[in-house]
1. Of (1) in contact with a Ser or Thr (Cβ under 6 Å, 6 or more places away or on another chain); (2) in contact (Cβ under 8 Å) with a residue 40 or more places away in the chain; (3) not aliphatic (A, V, I, L, M), Gly235 satisfies all except one. Which?
2. Counting only residues that are open to solvent by 60 Å² or more (accessible area, probe 1.4 Å), in a helix (DSSP H, G or I) and not basic (Lys, Arg), how many does the range 152-201 have?
3. Would it be correct to say that Ser275 is modelled with pLDDT of 90 or more, assigned to a helix (DSSP H, G or I) and crowded, with 21+ Cβ neighbours inside 10 Å?
4. I'm trying to understand the selection: among the residues of the range 74-112, which are more than 16 Å from Tyr137 (Cβ to Cβ), not basic (Lys, Arg) and not in a helix (DSSP H, G or I)?
5. Determine if the range 36-49 includes at least one residue that is at pLDDT 55 or above, out of contact with any Pro (no Cβ under 7 Å at 6 or more places or on another chain) and of a type in the set (Lys, Arg).
6. Could you give me the residue pairs with C-beta distances under 7 Å whose first residue belongs to the range 209-220 and is open to solvent by 50 Å² or more (accessible area, probe 1.4 Å), whose second residue is β-branched (Val, Ile, Thr) wherever it lies, and which are 6+ apart or on separate chains?
7. Could you list, in sequence order, all residues of the range 553-580 that are within 15 Å of Cys533 (Cα to Cα), in a helix (DSSP H, G or I) and in contact (Cβ under 8 Å) with a residue 40 or more places away in the chain?
8. Given the options Leu82, Leu118, Leu102, Leu94, name the one that is without any contact (Cβ under 8 Å) to a residue 40 or more places away in the chain and open to solvent by 40 Å² or more (accessible area, probe 1.4 Å).
Amino acid sequence: MLTKLGLIPLVNELESIILHFSTRNDPLSVKVRRLTTFYYLCHTPTKIMRKYLLFILTLIVFASCKQTPTYDKKLLAAAGSLVEIYPGSALQKLKRLSPTHLSPYDNALYALLTCKALDKCGQLGESDSLIKIASSYFPHVNDYEKSACSFLYQSRCARNREDISARAENLNKAIKFGLASQNNKLTGILYYEKAALYKDQQLPDSVIHYGILAFRTLQKGGDPRSICNSLLATGDGFYKKNNFQEALHYYKMAEHESLKTKGVNLQTTAYHLISRSYYCLHQYDSALLYGRLSLKTKDTFEAEKHLNLGTIFVKKGVIDSAKYYLRQCLHAKNLLSDCYLLLQEAEEKQGNIKAAIQYSSFIEAAKDSDYQRSLVSSSILMKKKYNSEKAQVENKRLLIHNQQFTILSILSILLCFVISTFVLIEKNRKRKLELQNEAAQNVIYQQQLQLQSEQIKKIEILQKMIQLKHIPESNLTQIGAQYLKLFGEDSNLIPADIDAMTEVIDNAFNGLSKRIKELYPHFTPREVQVCCCLRAGFDHGAILTIFDIKSETYYRYRSNIRKKMNAGQDDKIEQILSEI
């Protein structure tokens, strides 16, 4: 009948227009539906045509104009107002809604708000089936802001399931809609997400580029927390490039922004990163100051903060404090290797070789444990990639790439293990050699001390012999006579001349005459010899006897020596010589 009346082309055109707007519930779509109905009703030439068109339009409009119940609409509005500050409360309200009773627009909004609340509560998960409702609806109604948010959370789902390709693709779409929305805060957050993606891929140059883009965009309309995160990301990029001075600059800016947020966790994160940068710049006092500030609150990075402080104290040589902080992070399995290595270094600095060797064995066990965990995580990752390949054919290329990366990682770990073992063995060997050399040097030193002590005793005996030899026998006591008789039995004890006596004194006092000549080059040879005798403790009479001189000559020597020494009136020559 429609064919006879010639209504088929008209009905097809009408259906295409109405169906295009039938899934929309915004004011513009409602107006289009009403105007379309009015237009065709007014311009249809016959009563029969008007009846058929009115019937078709009525069916389509009733089918498309699905309205959300008032109670559900209020719940949705309440959840939207709570999701930013109280995501848990927003999630509870959203759970009371039934998506089947919602209009297409409200259903897409429900999906977006639910994913946003889950993300803020840390429960977003890997599945993107819910957020795809929003990301497939909002672009068609040209709602750029909600489209950008939808693709942002879709990229985070891809991040949670470690799908790098899908994550990058959805982020690019989100940035496109974010720029179209002219919402600087949203666009800045998207740039920060891009920087985080490149950070996970170890591409510091791209991290810096998007981190700076995020910072500049957020400055136009962002909140201090987002600005702080963008600055931290930029600093991380420079830190990865070993540009610690530039990294410190951005971390300091982040610290300044974090003070505006009143978020203590963000502040302590900035303090920790600043401390780490100061350490790399060898400014250990500043590193220690910020390291202590980073412990104001407890968070998931507490073990890393303790490790950082332990590292600083090891460098500063404060071993007890270093060991205290290092022991605080022994529960963190991912930090065990570094922790044991630092504890080994600390024990070596304190001379506790036994404890150092024990920590050395712990290092190997920790590395084995890390290796086992990496194998387990690698197998889990490969399993996820395999399951994902069944759902999406394009993930096959990513799976192969990740398998290669895993193999290279395992080979790298094995190579690092071999190198570290070799380095440790070599270090222990050098340490043993150092201990042996130190022991040998101690023995030589003891022998030198013993020899010097014997020489000094010999000089003391010589002094007594000279004193006794020049005392008349009639004046000697019985004991003195016995000593003189004893010394007279070995006439070789007394040196034959003054040069021999100087040689004896040099042996006892480690080349005293040579050091006097170097210190006082204007001394005559005889003045040097007189100084040696004075240093050896010979008295006035013994020196007269040794040199076979008169008292006037002796005092003249002393006067010349005092002048050449530039000695003061109260200074004694013997005291000056004892300090040489």
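The values are calculated or read from the model by the stated rules, or taken from the named source; none is laboratory data. Nothing here was measured: the structure is a model prediction, and the numbers come from that model. A quick note on method: Cβ atoms are made from the backbone with ideal geometry, for glycine too, and the neighbour counts reach across all protein chains shown. With ligands, DNA and RNA removed, areas are computed over all heavy atoms of the protein, side chains included. Shrake-Rupley method; radii C 1.70, N 1.55, O 1.52, S 1.80 Å.
1. Of (1) in contact with a Ser or Thr (Cβ under 6 Å, 6 or more places away or on another chain); (2) in contact (Cβ under 8 Å) with a residue 40 or more places away in the chain; (3) not aliphatic (A, V, I, L, M), only one is false for Gly235: (1).
2. First pass over the range 152-201, keeping only residues open to solvent by 60 Å² or more (accessible area, probe 1.4 Å): 159, 162, 164, 169, 172-173, 176, 179, 182, 185, 192, 199-201.
From what is left, the residues that are in a helix (DSSP H, G or I) are 159, 164, 169, 172-173, 176, 179, 185, 192, 199-200.
Filter once more, keeping what is not basic (Lys, Arg): 164, 169, 172, 179, 192, 200.
Summing the residues that are open to solvent by 60 Å² or more (accessible area, probe 1.4 Å), in a helix (DSSP H, G or I) and not basic (Lys, Arg) in the range 152-201 gives 6.
3. Here the answer is yes, as Ser275 does meet what is asked.
4. Once the filter is applied, which keeps residues that are more than 16 Å from Tyr137 (Cβ to Cβ), not basic (Lys, Arg) and not in a helix (DSSP H, G or I), the range 74-112 yields Val83, Glu84, Ile85, Tyr86, Leu97, Ser98.
5. There is no residue in the range 36-49 that is at pLDDT 55 or above, out of contact with any Pro (no Cβ under 7 Å at 6 or more places or on another chain) and of a type in the set (Lys, Arg).
6. Gln219/Ile227
7. Of everything in the range 553-580, those that are within 15 Å of Cys533 (Cα to Cα), in a helix (DSSP H, G or I) and in contact (Cβ under 8 Å) with a residue 40 or more places away in the chain turn out to be Ile573, Glu574, Leu577, Ser578.
8. Unique residue meeting the criteria: Leu82.
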